[in-house]
Amino acid sequence: MGPPGAPPAVAVVTTGSDGRAVWAFPAPFAAPPVIGALAVDPAPTDDRTVLATLESVTADRATVRVWRTQPLLGLGLLPLMPAGAGVQVHMTASGQPADA
């Protein structure tokens with residue numbers, strides 16, 4: 001965590017065609033920060049869901065990959081597929097600022 005009272009950095013990042021959302025932080029951290037990521041389901045009324053996984057984080061940026069489930073009647077869920085472009089991901093980064 002950052003110094004007492006230091007708010008986390010926040011952003012809403014949209015995925016590209018490969019399902020990745022890349023966030024370059026507004027200011028670097030002293031070390032890779034703790035990341036929170038929540039994908040917003042673009043079609044909440046269908047039977048698929050989305051989830052975000054952290055692929056990488058450095059002091060300068062974080063990359064999240066968004067996956068979509070695909071249910072198949074009688075077989076449960078098929079392997080996850082990249083969600084594709086246009087999924088919004090709400091992200092937070094908490095850590096010690098580089099200049100602190």
Within the range 75-89, which residues are modelled with pLDDT of 95 or more, open to solvent by less than 70 Å² (accessible area, probe 1.4 Å) and part of a strand (DSSP E or B)?
V89
Within the range 47-74, residues being open to solvent by less than 50 Å² (accessible area, probe 1.4 Å), modelled with pLDDT under 90 and more than 18 Å from D18 (Cα to Cα) number 1
Name the single residue, out of those in the range 38-57 being assigned to a strand (DSSP E or B) and either without any contact (Cβ under 8 Å) to a residue 12 or more places away in the chain or among the aliphatic types (A, V, I, L, M) (or both), that is nearest to T92 (Cα to Cα).
L38
Give the residues of the range 4-37 that are free of Cβ contacts under 8 Å to residues at least 40 places away in the same chain and either over 15 Å from the mean Cα position of the chain (by Cα) or closer than 30 Å to L72 by Cα (or both), sorted by residue number.
P4, G5, P7, P26
How many residues are part of a strand (DSSP E or B) and either touching a Gly at 6+ places or on another chain (Cβ under 8 Å) or not aromatic (F, W, Y) (or both) if we restrict to the range 20-37?
9
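The values are calculated or read from the model by the stated rules, or taken from the named source; none is laboratory data. Bear in mind the structure is a predicted one, so any value in this text is a computation, not a measurement. All Cβ positions, glycine included, derive from the backbone under ideal geometry; neighbour counts span all protein chains shown. For the accessible areas, the whole protein counts, side chains as well, though only heavy atoms, and no ligand, DNA or RNA atoms are used. Shrake-Rupley method; radii C 1.70, N 1.55, O 1.52, S 1.80 Å.
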